[in-house]
Structures are given as structure tokens and as C-alpha cells.
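Colleague: This is the structure I want to talk about, given as C-alpha cells.
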Amino acid sequence: MPESPAAAHSACRFQSFSEPSDPSQVAPRIAALRKALAQQGLDGFVVPRADEHQGEYVPSHMARLAWLTGFTGSAGNAVVLADKAALIVDGRYTIQSAEQTDTRVVTPTRMEDTPLDRWIEENLPAGGKLGYDPWLHTVDGVARLEKAAVSAGGKLVAVKANPIDALWSDRPAPPSAPVKAHRAEFAGEDTASKLARIQEALAKAKVDALVVSDPHALAWTFNVRGGDVEHTPLPLGYAIVPREGRPTVFLAPEKVTNEAGDAIGAVGEIAPPAALEAQLAALGAAGAKVRLDSTTAASALATLIREAGGTPDAGADPIALMKARKNEAELRGARNAHLRDGAAMVRFLSWLAREATGGKLTEIDTVAALEAERAKTGLLKDVSFTTIAGAGPNAALPHYRVTEASNRKVEPGILLVDSGGQYEDGTTDITRTMAVGAPSDEMRDRYTRVLKGHIAISRAVFVKGTSGAQIDALARLSLWQAGLDFDHGTGHGVGSFLSVHEGPQRISKLGTTPLEPGMILSNEPGYYKQGEYGIRIENLIVVEERVIPGGDRTIYGFETITWCPYERALFELKLLDDGEIGWINAYHAQVWSNLAPLVEGDAKIWLEQACLPL
């Protein structure tokens, strides 16, 4: 157990607790940007939280929004005009954005109230020229910006060089992590087979080539992994896959290990990133129709193809669905990863049960202790995201990140811990909410309603073709009956030693992709009482086919692969029906069967008590 926050800080290999932003820097940086824009004849500039690949995590040298505004959330846009500036974020980041930026200079704005395009329509002056970096916006994104600028009586202008880069004097260097081969025993399919499937999809789509702009798709297709962004083993780069012939992978050659280079070289070519533009121009000159991923491909790519005489075709990247449907090797790896991760969680929770009531633990202590338990497996490559450990009112912030400034003591009430690990055989993501001391009746009621929704998703059966949007309400029904809800999706897709947030599969009101066997998703309903406490319960689940006696339709359900007890002290038994109690008992019996051989001593004693039948 760490003795203090300072000790905990040093114990964490994969996470930092320093305050990531300094609001005092915002005003001079905004002023410098305005001066640079005026020199270029621009009246404003859009600064997205994005890199060239539209990734959830961006490398530090691409964190322009954070440098300019201080805001470090995973989604948002700033618009800087001559006389005003806005930081537009979704509801998750309302509080964080106001705390991290200088609100005298930048106005935090809820996206739900005023989306980016509407803010531009209402604030860009007539005749104004609004600049943007075409490498940081998709084709669809640029179309929306252009429509908004025209509606305001202005004009959208692409810049050749991002003006922030010239102002950022201490900008970090680009990442240089090695690109390594992903072992066949974990990948489950060789690159040649994957390429054959991709090229078959391109032929069906009647396109001549695909630009692979999503690094997750690049890593999956060529069975490589890297380390260019936080917590996700991604190599940042591109590939061009022709409908026929050998693909070209654009990665800095000095980053590619011999093993990875040999593997790629067996099926394709490796070229430096600087060669991408010339190859796109060559495709354009040949009159090619080139598929661009509408969610990750930069507008600049489409312009390069179009200006050379080709046809950019923005649409779905066929790799996304292939990657989402895990093969047997990937599923076997995920199950194994969750067993060792579950044992680490049990050791952590047994430690927490002994130490939490002493009044000395802090949020940082819990983060460090959990990371240490995962590290004991000897197989942890990274955490899969920055651990969320929220005590009391901090638990009511769904995307809370503890810093040395925000670090709270773990006191009587609620502690929410959302965490995960990156292992070569799988990616994990689990949330457990614990009672510290005696919980209130309201806390037990809310926890049990969240648990009922979690169980409803776990037990769901649905016909082939059903999307996540069609089952999302199951997770909310018990909360709705009490006049309650939560503002995030119920579940997101999860990769295989890739991103903990993977699309296109999801369980949410926006989840339109049909759920298919092999897809891994999270099941994480919640409830948040601002300023007091928050509750979330999360397991990972796999879509699987079910046989219904007498049925005549293809039916799917979910296999749960996360193993860790729920918080018995927060159960309100009168809210649970016999079927739900039976499900909990069966789940806990399986937790005991799976994890008891993997733990010992105090952890095994704690696990036995936690898994007793209701």
C-alpha cells in the first residue's frame, strides 16, 4: 500500500497526477493567435481536439487545443475570433472546461445547447474569413463548417500551415515508439488473409483503392502494434490498399522493428510518411476512385486525390466491421486477459476493504494500488485508459481524472473505480462502485436500479439485425421508473490489444450498427447525483449466437467475460426479482469458480464472502 500521494505518484508507471493545464497561459496564447491570424488576413480559426487520424487519444505534439485553451478532455473544439472565443464541449466536460480554461477570455459552451456550426453561424461576422487546418477535419466536418460560414455571410479558408505550430515554442517532438509485430497466436489471422478480405470488399464497392487512415485499422490489418499515443498500442501512420496488388504502408522506417518490417514486407511495401501525398496524387492522375474512411480521413486527403484528377469516395472503411468481429484466437485471448485482470481486481478490492475505513486513503492511493496489482501479473503492457477513481462528489463526474490538486480522501460514502489493462492477448475495462462505511438508503436504491439495468443487458436476447440503439432502453428502464437516467451510452466496443473504445458497435441511443457475433462491448449503466456521488457498474460482454428451442429466427445474446463481485453492501434486495437474484448468484458462483484458483490468503477469504449466494 502506498504511504502517501507522493509515494503513490512514484508507484504509477503508466499514469501521472500532475495538473495538466495552466489557465494563466490562455490569455497570452489566444492574443498571439489573434495576431497571427490578422497577419494572414483571417478573422477566425477553428481548433479541434484532433490529430490527422481523428483519434480518441492524440500524441502530445498534436494537442493543440490543450495548449491553446488548457482543456484536456477527449472531445471539443475552440473557435477564436477577433473579439471572442468559445470552447465547445459536450455535457461530460461542462465542469472540467470551466475549471481548466481562462473564462475571462474563452467561453465554455455546451455542445448540446450550441453546436459548433450554430456558434459559427451566430458569431462569425459578415464577410469574415474563418481558417481551418484541413488535416484536422474530415470531409463531412469541413462541409458542415463551410455551410455554417456561408450562412453567417463569411467564407471558410484552408490554411497550408497550422498557425498554432509557429507559436508553440516548446512543442514536443513527434512520437518515435517502435512498431512491433503482433504475435499470430493472439491475432488469429495472418495479414495475407485479411488483405484478401479487404480487397474483396473493395471490389464489391467498385472502388480502386482504400486509404487506411485509422491507425487501429492499420495495426489490425498488418498485425503490428506501436506506442505513439497514451494507453493504446497504436503506430500512427497510413496505408494504401489497392483493389489488386500489394499495399503500401506509410511508417517512419526507423520505427519499424526487423520482425515487423519482415512481416509487412512479405505482403506489401513500406514507405516513409512523406511519400503518401505523391502516391495519392498518382492514384488521382490515374483517374482512380479512392475510398476514404468518412470518420477518420482528413479533408486534405480528399483534396489531394481530387486535384490530381481522381475521385475521393467518402464512406465506411470495410476494415472497421472486420476488426469488430473478433475471431476465436482474439476471443480466447480476451477471456484469458479477463481472468488475470479479475484476479488483480479481487486482490485490490480485498486490500481496499481492509484499508478504506481507516480514513487515510486517497484517490491517488487507490489508483496506484490497482495498477500495482495489475503489474503483478507480469503481463501488463499499459493501462487501457487513465484510471477513474472518484470518491464522494468526484464519482459524479463520469470522466473524472484525479490530479494532485483534486485528490480527495476516501471517506464514508461511495468510491467509483473505472479501470482497465492492456495485455497482448486482450484489452480490459471494468467499473465497480464500492460503499465505504454504511451507505444511505438512496445510494442502495440507485445502485440496485443501475444493477437491474446491467443485468437486463446481460440477459438480453435479440434477433439478428438488432442494433445497440434497440436494446439501450433495457439498461435505463428501472432508472426511468424512478424518474432518473444517465447521460452517456450504455456500452462501447472494445478492441483486441487495441483501443478500449472501438467502433462501430455500441449500445446507445446512437448505436445504429447491427450487433454481430464476436463483437466485444461494455455493459455500463450508471447514475450520477452531481455534487454528491456517482454509481456505475461495468462488465465486458461478447455477442454470441443462441439456440432457442422451437424458434425460427437467428437469435443472439451476450457472454459475460468480466469476472469480479458486485458490491453486496449496496444491494436493495426488495427491488430485485427472483430472476435477477438467480442471475447474481449464478454470476458470483462463476466468479468464485474462475478466480479462486488465482488468488490466495486475504484475497481468497474476501472473494469467498463476496460470492456467497443471496
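The values are calculated or read from the model by the stated rules, or taken from the named source; none is laboratory data. Computed from a predicted model, the values in this text were never measured in an experiment. Here the Cβ is made from the backbone with ideal geometry for all residues, glycine too, and neighbour counts use every protein chain on show. Please note that ligands, DNA and RNA were not included when accessible areas were found on the heavy atoms of the full protein model with its side chains. Shrake-Rupley method; radii C 1.70, N 1.55, O 1.52, S 1.80 Å.
Colleague: In the list T109, T114, which residue meets the criterion of being more than 23 Å from A297 (Cα to Cα) and surrounded by fewer than 18 Cβ atoms within 10 Å (Cβ to Cβ)? Before the answer, list the steps.
Modeller: Values: T109 fails: surrounded by fewer than 18 Cβ atoms within 10 Å (Cβ to Cβ).
Exactly one of T109, T114 is more than 23 Å from A297 (Cα to Cα) and surrounded by fewer than 18 Cβ atoms within 10 Å (Cβ to Cβ), namely T114.
Colleague: Next question, about the same structure. With in contact with a Leu (Cβ under 9 Å, 6 or more places away or on another chain) and hydrophobic (A, V, I, L, M, F, W, C) as the only criterion, which of I555, I581, I548 stands out?
Modeller: On the way: I555 fails: in contact with a Leu (Cβ under 9 Å, 6 or more places away or on another chain); I548 fails: in contact with a Leu (Cβ under 9 Å, 6 or more places away or on another chain).
Answer to the selection: I581.
Colleague: Would you confirm whether or not segment 180-194 contains a residue that is closer than 23 Å to E277 by Cα and at pLDDT 95 or above?
Modeller: Here is the first cut: in segment 180-194, the residues closer than 23 Å to E277 by Cα are none.
Looking for residues that are closer than 23 Å to E277 by Cα and at pLDDT 95 or above, one finds none in segment 180-194, hence no.
Colleague: Now for a different question. Among G495, G503, which is touching a residue at least 60 places away in the same chain (Cβ under 8 Å), within 29 Å of E185 (Cα to Cα) and assigned to a strand (DSSP E or B)?
Modeller: Values: G495 fails: assigned to a strand (DSSP E or B).
That would be G503, the only listed residue that is touching a residue at least 60 places away in the same chain (Cβ under 8 Å), within 29 Å of E185 (Cα to Cα) and assigned to a strand (DSSP E or B).
Colleague: Checking the condition of a type in the set (S, T, N, Q), in a helix (DSSP H, G or I) and modelled with pLDDT under 95, which residue from T366, T403, T357 passes?
Modeller: Answer to the check: T357.
Colleague: So, one more: Tell me, please, whether a residue that is touching a helix residue (DSSP H, G or I) at 6+ places or on another chain (Cβ under 6 Å) and not in a helix (DSSP H, G or I) can be found in segment 328-341.
Modeller: No: segment 328-341 contains no residue that is touching a helix residue (DSSP H, G or I) at 6+ places or on another chain (Cβ under 6 Å) and not in a helix (DSSP H, G or I).
Colleague: Would segment 27-37 turn up any residue that is part of a loop (DSSP other than H, G, I, E, B) and modelled with pLDDT of 90 or more?
Modeller: Of the residues in segment 27-37, the ones part of a loop (DSSP other than H, G, I, E, B) are none.
Scanning segment 27-37 turns up no residue that is part of a loop (DSSP other than H, G, I, E, B) and modelled with pLDDT of 90 or more.
Colleague: Out of all the residues in segment 526-544, which are within 24 Å of Q590 (Cβ to Cβ) and out of contact with any Phe, Trp or Tyr (no Cβ under 6 Å at 6 or more places or on another chain)?
Modeller: Within segment 526-544, the first condition is being within 24 Å of Q590 (Cβ to Cβ), and the residues that meet it are 526, 535-544.
Answer for segment 526-544, where residues must be within 24 Å of Q590 (Cβ to Cβ) and out of contact with any Phe, Trp or Tyr (no Cβ under 6 Å at 6 or more places or on another chain): R536, I537, E538, N539, L540, V542, E544.
Colleague: Every residue in segment 172-231 that is out of contact with any His (no Cβ under 7 Å at 6 or more places or on another chain), crowded, with 21+ Cβ neighbours inside 10 Å, without any contact (Cβ under 8 Å) to a residue 60 or more places away in the chain and among the aliphatic types (A, V, I, L, M), please.
Modeller: L218
Colleague: Which members of segment 422-447 meet the condition of being open to solvent by 20 Å² or more (accessible area, probe 1.4 Å), assigned to a helix (DSSP H, G or I) and either within 14 Å of E567 (Cα to Cα) or touching a helix residue (DSSP H, G or I) at 6+ places or on another chain (Cβ under 6 Å) (or both)?
Modeller: M443, R444, D445, R446
Colleague: Shifting gears a bit: Restricting to segment 523-572, name every residue that is out of contact with any His (no Cβ under 7 Å at 6 or more places or on another chain), within 26 Å of I388 (Cβ to Cβ) and open to solvent by 30 Å² or more (accessible area, probe 1.4 Å).
Modeller: Selection gives Y528, K529, Q530, G531, E532, E559, E567, R568, A569, E572.
Here's the yes/no breakdown for (1) polar (S, T, N, Q); (2) touching a residue at least 60 places away in the same chain (Cβ under 8 Å):
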site	(1), (2)
G315	no, yes
A324	no, yes
N336	yes, yes
D341	no, yes
V346	no, yes
T357	yes, yes
K360	no, no
L370	no, no
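Colleague: Can you pull out the residues in segment 220-278 that are under 23 Å from D429 (Cβ atoms) and among the basic types (K, R)?
Modeller: Within segment 220-278, just R225 meets the criteria.
Colleague: Quick one: which residue in A603, A589 is modelled with pLDDT of 95 or more, surrounded by fewer than 18 Cβ atoms within 10 Å (Cβ to Cβ) and of a type in the set (G, A, S)?
Modeller: Numbers: A603 fails: surrounded by fewer than 18 Cβ atoms within 10 Å (Cβ to Cβ).
Testing whether each residue is modelled with pLDDT of 95 or more, surrounded by fewer than 18 Cβ atoms within 10 Å (Cβ to Cβ) and of a type in the set (G, A, S) leaves just A589.
Colleague: Tell me which of these L251 doesn't satisfy, since it passes every other one: (1) open to solvent by 10 Å² or more (accessible area, probe 1.4 Å); (2) touching a residue at least 60 places away in the same chain (Cβ under 8 Å).
Modeller: The single condition L251 does not satisfy is (1).
Colleague: Same structure again: Might you check whether a residue that is open to solvent by less than 30 Å² (accessible area, probe 1.4 Å) and polar (S, T, N, Q) occurs anywhere in segment 327-347?
Modeller: No, because not a single residue in segment 327-347 is open to solvent by less than 30 Å² (accessible area, probe 1.4 Å) and polar (S, T, N, Q).
Colleague: While we're here: When you scan segment 52-70, how many residues do you find that are part of a loop (DSSP other than H, G, I, E, B) and either in contact with an Asp or Glu (Cβ under 7 Å, 6 or more places away or on another chain) or under 16 Å from W168 (Cα atoms) (or both)? Full working, then the answer.
Modeller: Let us first name the residues in segment 52-70 that are part of a loop (DSSP other than H, G, I, E, B), namely 52-59, 63, 70.
Subset that is either in contact with an Asp or Glu (Cβ under 7 Å, 6 or more places away or on another chain) or under 16 Å from W168 (Cα atoms) (or both): 53, 57-59, 63, 70.
The number of residues fulfilling the criteria is 6.
Colleague: Here is a follow-up. I want to confirm something. Restricting to segment 482-506 and keeping residues that are under 20 Å from L397 (Cβ atoms) and among the β-branched types (V, I, T), which single residue is surrounded by the most Cβ atoms within 10 Å (Cβ to Cβ)? Reasoning before the result, please.
Modeller: From segment 482-506, those under 20 Å from L397 (Cβ atoms) are 484-492, 500-501; that's our starting set.
The next check asks that each one be among the β-branched types (V, I, T); those that pass are 490, 500.
Details: T490: 29, V500: 23.
Residue satisfying both the conditions and the ranking: T490.
Colleague: For segment 397-412, which positions are open to solvent by less than 20 Å² (accessible area, probe 1.4 Å) and polar (S, T, N, Q)?
Modeller: Residue satisfying the conditions is T403 alone.
Colleague: Would you please name the residue that is surrounded by the fewest Cβ atoms within 10 Å (Cβ to Cβ), looking only at residues in segment 361-396 that are of a type in the set (S, T, Y) and touching a helix residue (DSSP H, G or I) at 6+ places or on another chain (Cβ under 6 Å)?
Modeller: Initial filter on segment 361-396 (of a type in the set (S, T, Y)): 362, 366, 377, 384, 386-387.
Next, from what is left, pick out any that are touching a helix residue (DSSP H, G or I) at 6+ places or on another chain (Cβ under 6 Å): 362, 377, 387.
Details: T362: 20, T377: 15, T387: 23.
Filtering segment 361-396 for residues that are of a type in the set (S, T, Y) and touching a helix residue (DSSP H, G or I) at 6+ places or on another chain (Cβ under 6 Å), the one surrounded by the fewest Cβ atoms within 10 Å (Cβ to Cβ) comes out as T377.
Colleague: Only one of (1) free of Cβ contacts under 8 Å to residues at least 24 places away in the same chain; (2) closer than 30 Å to E424 by Cα is not met by K160, so which one is it?
Modeller: The single condition K160 does not satisfy is (2).
Colleague: Within segment 129-152, count every residue that is assigned to a loop (DSSP other than H, G, I, E, B) and farther than 23 Å from R291 by Cα.
Modeller: First, the residues of segment 129-152 that are assigned to a loop (DSSP other than H, G, I, E, B): 133-137, 152.
Add one more test, that the residue is farther than 23 Å from R291 by Cα, and what stays is 152.
The number of residues fulfilling the criteria is 1.
Colleague: Restricting the search to segment 269-283, which residues are under 18 Å from L236 (Cβ atoms) and touching a strand residue (DSSP E or B) at 6+ places or on another chain (Cβ under 9 Å)? Break it down into steps so the answer makes sense when it comes.
Modeller: Initial filter on segment 269-283 (under 18 Å from L236 (Cβ atoms)): 270-277, 279-280.
Correct list: I270, A271, P272, P273, A274, A275, L276, Q279, L280.
Colleague: Can you pull out the residues in segment 535-580 that are without any contact (Cβ under 8 Å) to a residue 12 or more places away in the chain and within 24 Å of H399 (Cβ to Cβ)?
Modeller: none
Colleague: What pairs come up if the first residue lies in segment 122-145 and is basic (K, R), the second is part of a loop (DSSP other than H, G, I, E, B) and open to solvent by 10 Å² or more (accessible area, probe 1.4 Å), and their beta carbons are under 8 Å apart, counting only those six or more places apart or on different chains?
Modeller: Short answer, once both residue conditions are applied: K129/G41; K129/L42; K129/D43; K129/G154.
Colleague: Return the residue satisfying two criteria in turn: it lies in segment 1-26 and is in a helix (DSSP H, G or I) and modelled with pLDDT under 85, and of such residues it is nearest to L65 (Cα to Cα). Before you say what the answer is, go through the steps one by one.
Modeller: Within segment 1-26, the subset in a helix (DSSP H, G or I) is 5-11, 23-26.
Retained after the next criterion (residues that are modelled with pLDDT under 85): 5-11.
On the way: P5: 29, A6: 29, A7: 31, A8: 29, H9: 26, S10: 28, A11: 30 Å.
The extreme case among them is H9.
Colleague: Ok, one more. Among D83, D102, which is outside any helix (DSSP H, G or I), open to solvent by less than 30 Å² (accessible area, probe 1.4 Å), within 19 Å of R34 (Cβ to Cβ) and out of contact with any strand residue (DSSP E or B) (no Cβ under 9 Å at 6 or more places or on another chain)?
Modeller: Working: D83 fails: open to solvent by less than 30 Å² (accessible area, probe 1.4 Å).
After ruling out the rest, the residue left standing is D102.
Colleague: If I ask for residues that are surrounded by 17 or more Cβ atoms within 10 Å (Cβ to Cβ) and part of a strand (DSSP E or B), which ones from segment 448-467 would you list?
Modeller: Correct list: F462, S467.
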